[in-house]
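Down below is the structure, laid out as structure tokens.
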Amino acid sequence: MAKRLDGKVALVTGGARGIGRSISSALAAEGAVVGVLDLREDLAQVAVDGILAAGGTAMAFGGDVAQRETFDKAVQALKQAHGRFDILVNNAIWVRYGPIAAITPEMLTRMVGTGFNSVVWGIQVGSEAMTEGGSIINIASAAAFVGVAEAMVYGGVKSGVLGLTRSSAVELGPRGIRVNAVCPGSVPTDGMKLNVDPDMMATRIARTPLGRLGEVEDIAQAALFLASSDSSWITGTSILVDGGATHAIR
Ligand SMILES: NC(=O)c1ccc[n+]([C@@H]2O[C@H](COP(=O)([O-])OP(=O)(O)OC[C@H]3O[C@@H](n4cnc5c(N)ncnc54)[C@H](O)[C@@H]3O)[C@@H](O)[C@H]2O)c1
């Protein structure tokens, strides 16, 4: 039976763990060849092994997404091996919450480098390699819409990602390349657990109309929709995947 992404070639940044790993698996399950790119190449290889074991096709890449060359190398390698490039998911980030007074130059550089600069380089390199039908999906956050205490830089970075999404969609639309964002609510990944106090989890669930935290698959299914031609007239926008929490007053 034909799958939604048969013949497509994709790259997922931060694809070794958490939401990125789930997106990588979902794209592969729908027939895409998936490049799994992560700072932790060892874990990217574990994710690739999982995809191969499930009958999919994937390649692991190590590298820092804050550097443009990381995208150059991965996209070139995918094109060389599979002849085309169609889908980019900008998902990787390094983030630390904390009070404004505790932000250091190193933290700021790393958060902006992984969360914002990487999206610029990904869109630049990825769109250059794509032809008509290409799709770029930026993983932003509900924190792009609401203020979150002790997450000033994160909120700024993710708001910026929505700006990159809108402007690049306008520029790339005439070439048939779409750019959209997915904005997750709270999903208990390793990254989230580092930053959100366990006591806050119950409060977040209580504020969520659908009554639970997100699962990585909830986010992956939204990314899959935006990657596929099911969303062929959608560009320059974002989908909140948050159980209704962001726009609720509870
Ligand atoms: N988990 C949540 O609740 C939540 C909520 C809103 C938005 N998001 C967004 O979803 C995305 C994924 O979040 P997650 O919770 O799965 O994160 P995570 O921290 O669990 O995983 C991030 C992955 O990115 C990789 N990475 C970090 N720095 C890198 C670099 N410089 N180069 C390459 N790879 C690097 C890490 O090794 C890791 O595998 C992020 O963009 C995050 O902001 C997550």
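The values are calculated or read from the model by the stated rules, or taken from the named source; none is laboratory data. Everything numeric in this text was worked out from a predicted model, so none of it was measured. Virtual Cβ from ideal backbone geometry, glycine too; neighbours counted across all protein chains shown.
Can you say whether K3 is basic (K, R) and buried (at least 23 other Cβ atoms within 10 Å of the Cβ), as far as the supplied structure shows?
Numbers: basic (K, R): yes; buried (at least 23 other Cβ atoms within 10 Å of the Cβ): no.
Judged against the criteria, K3 is not a match.
For region 75-97, a residue qualifies if it is closer than 22 Å to G14 by Cα and part of a loop (DSSP other than H, G, I, E, B), and the qualifying residues are R84, F85, D86, N91, A92, I93, W94, V95, R96, Y97.
Checked against the criterion of being among the small types (G, A, S) and more than 12 Å from the ligand (Cβ to nearest atom), the candidates A74, A81 yield just one match: A81.
Here A47 clears all of (1) part of a strand (DSSP E or B); (2) buried (at least 24 other Cβ atoms within 10 Å of the Cβ) except the condition numbered (1).
Go through region 123-140 and give me each residue that's part of a helix (DSSP H, G or I), out of contact with any Lys or Arg (no Cβ under 9 Å at 6 or more places or on another chain) and not charged (D, E, K, R). Full working, then the answer.
Taking region 123-140 as the starting set, the residues that turn out to be part of a helix (DSSP H, G or I) are 123-129.
Applying the additional criterion that residues be out of contact with any Lys or Arg (no Cβ under 9 Å at 6 or more places or on another chain) yields 123, 126, 128.
Selection gives I123, G126.
Selection of first residues in region 88-99 that are of a type outside the set (D, E, K, R) and of second residues that are surrounded by fewer than 24 Cβ atoms within 10 Å (Cβ to Cβ) and at pLDDT below 95, restricted to Cβ pairs under 7 Å at least 6 apart or on distinct chains, gives the following pairs, ordered by first then second residue: V95/G191; V95/N195; Y97/N195. The set of residues in region 230-248 being assigned to a loop (DSSP other than H, G, I, E, B) and among the aliphatic types (A, V, I, L, M) consists of I234, A245, A248. Got at least one residue in region 16-34 being farther than 18 Å from D230 by Cβ, within 12 Å of the ligand (Cβ to nearest atom) and in contact with a Phe, Trp or Tyr (Cβ under 8 Å, 6 or more places away or on another chain)? Checked against the condition, which is being farther than 18 Å from D230 by Cβ, within 12 Å of the ligand (Cβ to nearest atom) and in contact with a Phe, Trp or Tyr (Cβ under 8 Å, 6 or more places away or on another chain), region 16-34 yields no hits at all.
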